[in-house]
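Structure, as structure tokens:
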Amino acid sequence: MPPRSCAAFLSSNVFWVVAPVEDVRKSADATDGGRLTKNERKWARIGVLVAVFVFWLVATCLQPWHLFDKGPYTTDFYDAQARSLVHGHLDVPANVAGIEGFEIDGRTQIYFGIGPAIMRLPLSGISNVFDRRLSLLSELLALSVLGLAAARLLKRAKSLVANAPEGAAWWFGAFAVVATLGTPLLYFSSRALVYHEAELWGAAAGLAGLDLVIRWWRVPTRRHLIEAVALATFALSCRPSAGAGPALALGLFGLGIAWKGQWKRSLVVLVAAVIPFLGFALVNWLRFRSVSDVPLPVQVFSKSNTVRQAALASNNGSLFGLKFVPTNVARYFSPFAFQWDEFFPFVTWPAKATVIGNARFDAIDQTGSILTSAPLLFVFGLVGAWWTIVRHKIRQWSVIALSSIVATTSTLTFGYLAHRYLADLVPVVVVLAAPGVWIVARTAKAWRQWIRRTVVVAMTLLFAFGFWNQLGLAISTRAFSILPSESGARSFVELQYSINDLFLGGTGPAVIVSQDGQFPSGVAPGTIVIMGHCDAVYRTDGYGWSPLERRIGGPFAYRLSGFFGAGEQTILSNPEWAVRASRTEDLVVFRWDYGSGIVEESAPVKMANNGPSTIDIVFDPYTDFGHDGRVVVNGTSVVGAPVSNSSGSVVNPNWTETEVPASFCEKLQARQ
């Protein structure tokens, strides 16, 4: 008898996976099979809508009509990837990838999964009209997927907890709200970026995939298995550290079936579990010629950043290792990873994490913990973890809990500590919290009324703390940390002063004058430094310094007005560099020449040609990457270079220089 093909083998043996379907269906229906009732589904959707609306309002600064505004750098990564997929390749334009690109065989690759790019195929796959305009919408969709998956898992956990109370339908809506707005996911409303979008979809698809795996296990139909595998593949293609959970759960269930001696059935399930990993490995191989590794040493950013180079050198060219686990665990699970602030929003980042051992991190960023970001879910999760380990006998919930935990291994072994990586832990706490809710509710039936009320108040306060903590960090991060604008940061500080004057008696932060141009060390977050005679104003968040104001006409900022000629002209020059511009009809290209023939060139910028144009050229000698000069047109930076200004700079005599008083600095001085 000739050997059968793999497809023929799987087709003929799917029976062993799905049978006896009718008997299982009847058993599942008797316990609701984890399906939400009509009323429960209604409340779950209401909870999701509330979460989406709040996230939307925060992300757009209470201006929801800005949903499709053009986003900053990285928000077109998935758009470019979608068009690449349509054209049959994975590489993207180098000018899109920028510092996140990898130069592989003369082409530029990015390391972000293709899952969110696939969803963009109907729009960005055929046009660039939507470039940089879909990230926030994508994040809102991911949030809704995660909220609904959380509600469904809460229902599935109910059937496993002995003597679980009936519960009210609104509980499922409340759980959806807590799983979204009461977790680090709310922090992503700070700004739409590819990093936040990838994290949200990894957590959302990972959690939804675990829900489908449990559904298949309870009702093992062919359709349920195919849908579970499909979503597991999608989750892994979004973000492996959160999305690997469903595929791992399928594998564990397959091993459990093999333990029972059902070899044919277990083989089909194990093959199904491998499919998502094969898909991930294929994409990674096509990009980097490796089934799992990302060649960080050849990344554009790695080539220019000495800190990254030092981290890679001390870790054998990788940023993963067990040496990073103690520091990551200590911070990500710290109950003290937050700090109160006297200024609105009254919470701020904790002190920088202390490295444990001799690990050399690539970066230790502003980071809270899962305890301070999702305190209510974490408490329920502790109860659920006890039940999963001690009381859960049939072990199906143990499988998805263990899978979600194992999936976070790469997060805990990564030599880059950042708040956004807490999203990888969200599926874990949601899965563990779901049975915890029913156990607490069951136990509460025996409590006295005043105890129940006290516990309800405590739970409300825990959620409120987690919500406000993440909301406050999102607001302040948008103002001061992630791609901040001077005007935006300055306006936020003025808002803080106004609230402080109105409610707290008008006290102000420490304001220090630096005549030598140096920042003080060991100062509290929120401290403001005035450079020279109001030449510039900087503020620290405890991790770094960001500008609030640079006096136009001072050494850090020029405002120049003039006409762009037909040929190339020099606008501002220095012995070390020169800013040049050339016009073609109504488009102007800016060039910054520096070093030994290095040129940074802007994309064509549309400028009016019926009168003089005004541009700003600003300098920041205090960035994390060294000196920085930028050309700013209509509030948008169009080109920059790693240069500093000096007294030898010369303005083109055909251009007019304008001086503007530093009004914010003068207000600060008046408050002293």
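Those residues that are among the aliphatic types (A, V, I, L, M), out of contact with any Phe, Trp or Tyr (no Cβ under 7 Å at 6 or more places or on another chain) and modelled with pLDDT of 90 or more, I need them from the stretch 558-586; list them, please.
Correct list: 578 only.
Can you tell me how many residues within the stretch 292-314 are farther than 14 Å from residue 363 by Cα and hydroxyl-bearing (Ser, Thr, Tyr)?
Residues flagged as farther than 14 Å from residue 363 by Cα and hydroxyl-bearing (Ser, Thr, Tyr) within the stretch 292-314 amount to 2.
Out of 464, 441, 446, 458, I need the residue that is open to solvent by 10 Å² or more (accessible area, probe 1.4 Å) and at pLDDT below 95. Which one?
Checking each option against the conditions leaves just 446.
So which residues in the stretch 617-634 are charged (D, E, K, R) and either open to solvent by 30 Å² or more (accessible area, probe 1.4 Å) or free of Cβ contacts under 8 Å to residues at least 60 places away in the same chain (or both), if there are any at all?
Once the filter is applied, which keeps residues that are charged (D, E, K, R) and either open to solvent by 30 Å² or more (accessible area, probe 1.4 Å) or free of Cβ contacts under 8 Å to residues at least 60 places away in the same chain (or both), the stretch 617-634 yields 624, 628, 630.
Out of 536, 524, 458, 510, I need the residue that is in the same structural domain as residue 363 (by the TED database), farther than 24 Å from residue 196 by Cα and either of a type in the set (Gly, Ala, Ser) or touching a strand residue (DSSP E or B) at 6+ places or on another chain (Cβ under 9 Å) (or both). Which one?
Only one candidate passes the filter, namely 458.
Residue check: is residue 188 touching a helix residue (DSSP H, G or I) at 6+ places or on another chain (Cβ under 8 Å), open to solvent by less than 10 Å² (accessible area, probe 1.4 Å) and more than 30 Å from residue 97 (Cα to Cα)?
So residue 188 does not fit the description; no.
With the requirement that a residue be of a type outside the set (S, T, N, Q) and open to solvent by less than 20 Å² (accessible area, probe 1.4 Å), what does the stretch 583-610 give you?
588, 590, 592, 607
Which one of the conditions (1) open to solvent by 20 Å² or more (accessible area, probe 1.4 Å); (2) in contact (Cβ under 8 Å) with a residue 12 or more places away in the chain does residue 285 fail to meet, given that it meets all the rest?
Going through (1) open to solvent by 20 Å² or more (accessible area, probe 1.4 Å); (2) in contact (Cβ under 8 Å) with a residue 12 or more places away in the chain one by one, residue 285 breaks only (2).
Please give the number of the condition residue 293 fails out of (1) open to solvent by 10 Å² or more (accessible area, probe 1.4 Å); (2) farther than 26 Å from residue 143 by Cα; (3) in a helix (DSSP H, G or I).
Exception for residue 293: condition (3).
Confirm whether residue 117 is under 30 Å from residue 436 (Cβ atoms), modelled with pLDDT of 95 or more and surrounded by 22 or more Cβ atoms within 10 Å (Cβ to Cβ).
Considered against the rule, which asks whether it is under 30 Å from residue 436 (Cβ atoms), modelled with pLDDT of 95 or more and surrounded by 22 or more Cβ atoms within 10 Å (Cβ to Cβ), residue 117 comes out as no.
When the residues of the stretch 252-274 are filtered to those that are without any contact (Cβ under 8 Å) to a residue 24 or more places away in the chain and open to solvent by less than 30 Å² (accessible area, probe 1.4 Å), which remaining residue is nearest to residue 184 (Cα to Cα)?
Applying the filter and picking the extreme gives 254.
Give me the pairs: first residue in the stretch 456-482 and in contact (Cβ under 8 Å) with a residue 40 or more places away in the chain and at negative phi, second residue open to solvent by 50 Å² or more (accessible area, probe 1.4 Å) and not in a helix (DSSP H, G or I), beta-carbon distance under 7 Å, and six or more apart or on different chains, which are they?
Taking only residues 6 or more apart or on different chains, the pairs are 469/338; 472/346.
Can we say residue 548 is within 30 Å of residue 185 (Cβ to Cβ), in contact with an Asp or Glu (Cβ under 9 Å, 6 or more places away or on another chain) and either of a type in the set (A, V, I, L, M, F, W, C) or at pLDDT 90 or above (or both)?
yes
Among the residues of the stretch 273-316, write down those that are touching a Leu at 6+ places or on another chain (Cβ under 9 Å), farther than 30 Å from residue 251 by Cα and among the small types (Gly, Ala, Ser).
If the condition is that a residue be touching a Leu at 6+ places or on another chain (Cβ under 9 Å), farther than 30 Å from residue 251 by Cα and among the small types (Gly, Ala, Ser), then 302, 311 are the ones that fit.
For the stretch 51-68, does any single residue satisfy the condition of being assigned to a helix (DSSP H, G or I), closer than 20 Å to residue 119 by Cβ and open to solvent by 50 Å² or more (accessible area, probe 1.4 Å)?
yes
Residue 491 passes all but one of (1) open to solvent by 60 Å² or more (accessible area, probe 1.4 Å); (2) in a helix (DSSP H, G or I); (3) assigned by the TED database to the domain that holds residue 161; which number fails?
Single failed check for residue 491: (3).
Taking residue 496 and the conditions (1) modelled with pLDDT under 85; (2) more than 27 Å from residue 648 (Cβ to Cβ), which numbered condition does it fall short on, given that it satisfies the others?
(1)
Just for helices (runs of 4 or more DSSP H) wholly inside the stretch 170-270: which have at least 2 residues that are of a type in the set (Ser, Thr, Tyr)?
Per the criteria, 222-238.
Give me a count of the residues in the stretch 644-671 that are exposed (fewer than 14 other Cβ atoms within 10 Å of the Cβ) and either small (Gly, Ala, Ser) or in contact with a strand residue (DSSP E or B) (Cβ under 6 Å, 6 or more places away or on another chain) (or both).
Number of matching residues: 9.
The values are calculated or read from the model by the stated rules, or taken from the named source; none is laboratory data. Since the model is a prediction, treat every value here as computed from it, not as a measurement. When we count neighbours, we look across all protein chains shown, and the Cβ atoms used for this are built from the backbone with ideal geometry, even at glycine. The area values use the complete protein model at the heavy-atom level, side chains included, leaving out ligands, DNA and RNA. Shrake-Rupley method; radii C 1.70, N 1.55, O 1.52, S 1.80 Å.
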